[in-house]
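The next block holds one structure in the form of structure tokens; read it before the comments.
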Amino acid sequence: MWTSLLGRLGLKRMKTEIEGIPNKPQAICIIALAIYTFTMIAFLCINAPGFTDISERLMYCFSWLIGLVLLFCITLLVCYYFPNIKEMKSKFIKKFSFMEEFGYHCKSSFYSKKDKIIEYRYTHNKFIPINFVSYGRRGTAPYFVTENEECVNIWRFLEHLDEDIYNSTKEEDDAFKHCMEIMIDYMETKPVLFSKELEICKNLTFYLYNMPDSRPAEYCLGCYDGSCFIDFNIQNGMVFLERISCDGLGCFEISNSEITLSLEESEVFQEEMKKNSFSQKVIRPLVLKLINLNEDLICADVFNQYPLLKINT
């Protein structure tokens, strides 16, 4: 009843589930709202005959309604800032109970009042831990957690492994359960390759970045969590490496327009750059090809500190 009422009032951003037994702050506000409403109705009924002027009646009703609206808004704020965490956790654990089928169990949970998220830690006696970050009605994001407590989005990892499987899986109603079946099979049958692919996904996922005017380039891609940036330019339709910069090692100007991708590869590269989300599977080998073709012009320390830039894919 409450959630549907809040939705009708257009207050979806402030909407918080008030199902089940509310917590103490919610309960206090709801009881106060109920008492005020009952008192308002009672006073209006008792004093209504004493008002002969319609304007007096309207003013009397309006003054009560102002208090009701204010109290209602306070209730919404309290429900937003003091959500029923116990109830939300219970629903989450129930929804993701299938994780136990794969040997994962919820070890702990943490609520961030500032970010309005709940983080759940699932552990396995053999495989890598998994964290779920729940954003309430905005959904849940699953992450693998490495030994250094670095997180890798599981959906992004699945896309990294096989984009076709990722695209078909995410459309299913029970998408994440199917995703876990794939991940568990991969971890069991190819543990070494799984660790390697996890590192590649974590550090070598490229993204478009806009560099300042002092660093002109047609395209700039970042990787290694923003520690490495690679610039590309085009000449006669061919893509070549303009420069590469890495934290702690400085910027290396390459500007080698004689070593380029082929015309076909350059066209593929440029088409991918036009997309909102380009294919890592397509772009990664093209970027690494240009880097390795220009290896002699890049300091060896770059490959020592960022070894995946020299990986063969």
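List of remarks:
- The C-beta contact set for segment 132-156 (first residue closer than 19 Å to LYS94 by Cα and open to solvent by 40 Å² or more (accessible area, probe 1.4 Å), second residue of a type in the set (Val, Ile, Thr) and at pLDDT below 85, distance under 6 angstrom, 6+ apart or interchain) comprises TYR135/ILE117.
- Hey, LEU290 among the hydrophobic types (A, V, I, L, M, F, W, C), at pLDDT 90 or above and either under 30 Å from the mean Cα position of the chain (by Cα) or not in a helix (DSSP H, G or I) (or both) or not: no
- Hits in segment 48-85 - residues which are at pLDDT below 75 and under 18 Å from TYR135 (Cα atoms): VAL78, CYS79, TYR80, TYR81, PHE82, PRO83, ASN84, ILE85
- LYS281 vs. criteria outside any loop (DSSP other than H, G, I, E, B), modelled with pLDDT under 90 and out of contact with any Lys or Arg (no Cβ under 8 Å at 6 or more places or on another chain): yes
- Number of the condition not met by SER168 [criteria: (1) in contact with a helix residue (DSSP H, G or I) (Cβ under 8 Å, 6 or more places away or on another chain); (2) not in a strand (DSSP E or B)]: (1)
- Residues in segment 261-288 that are crowded, with 18+ Cβ neighbours inside 10 Å, closer than 11 Å to VAL239 by Cβ and out of contact with any helix residue (DSSP H, G or I) (no Cβ under 7 Å at 6 or more places or on another chain): SER266, VAL287.
The values are calculated or read from the model by the stated rules, or taken from the named source; none is laboratory data. Given the structure is predicted, the values throughout are model-derived calculations rather than measurements. Positions of Cβ are backbone-derived with ideal geometry, glycine not excepted, and every protein chain shown enters the neighbour counts. Areas reflect the complete protein model, heavy atoms only, side chains present, ligands, DNA and RNA absent. Shrake-Rupley method; radii C 1.70, N 1.55, O 1.52, S 1.80 Å.
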